[in-house]
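Rule-based calculations on the coordinates, nothing more; no lab input. Here the structure is a predicted model, which is why all the values come from computation and not from measurement. Positions of Cβ are backbone-derived with ideal geometry, glycine not excepted, and every protein chain shown enters the neighbour counts.
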Amino acid sequence: MNTQRIVITGGPGTGKTSIINELTRRNHKCLEEVSRQITLQARKDGVEQLFLKEPLLFSELLLNGRKTQFDEAQTLIENIVFLDRGIPDVLAYMDFIGDIYPETFVNACEEHRYNEVFILAPWQDIYISDSERYESFDQTIEIHEHLINTYSKFGYDLIDVPFESVTKRTDFILNSIKPH
């Protein structure tokens, strides 16, 4: 089976997780964001913010986690699998902090192609900071620009998800997926 891999991306606090949760509630297969798991594991290991302390190590762990998810999606019997962020997100965040990364990061984006990418713009009304989210709203806007630039650089036509309720945003995504 040739499973469609659909990415839902956007800066921190834009509603990705709420949409993923709604898709899951509607019995769609979703693969969760891996950065929270990496952050929580680092905290168990005594590192409060691995992304800030060792951004390249954190990004390598993310890259590997997202490549694993990409491969896992192909093994599922689902026609469509939704992913909370994609491999290019790793590069966008590295560009955001101004850090360099090896060519293998670029290669991973070129070798792992998603079928469609939906992007959620920063939305002040729903933005909330939490223990894994240290970015300000202004930084979320900057990250959004890096996401657009990175995905565009790899040839993706991003689909903007409108500011609506979680239900309407989820409906928009489901109704916008092109037949495969």
Can you give the % of DSSP beta bridges in the stretch 4-175 that are antiparallel, to the nearest 5?
5 percent
Count the lysine pairs in the chain that are 8 or more places apart or on different chains: how many have C-alpha atoms under 26 angstrom apart?
17
Treating only the Cβ atoms of Lys and Arg (+1) and Asp and Glu (-1) as charged, compute the dipole magnitude of the stretch 4-175 about its Cα centre; round to the nearest 20 debye.
500 debye
Shape metrics for the chain, restricted to C-alpha atoms - Rg then Dmax, Å:
15.5, 46
Based on other C-beta atoms within 10 Å, arrange Ile119, Ile177 from fewest to most.
Ile177, Ile119
Largest fluctuation, Ala121, Ala108, Ala73 only, Gaussian network model of the chain with Cα springs under 10 angstrom, belongs to Ala108
Exposure proxy order (Cβ contacts within 10 Å, fewest to most) of Lys178, Lys16, Lys168
Lys178, Lys168, Lys16
Starting from the Cα gyration tensor of the stretch 64-153, take the square roots of the eigenvalues, sort them a ≥ b ≥ c, and report rounded, prolate or oblate (rounded when a/c is under 1.5, otherwise prolate if a/b is larger than b/c, else oblate).
oblate
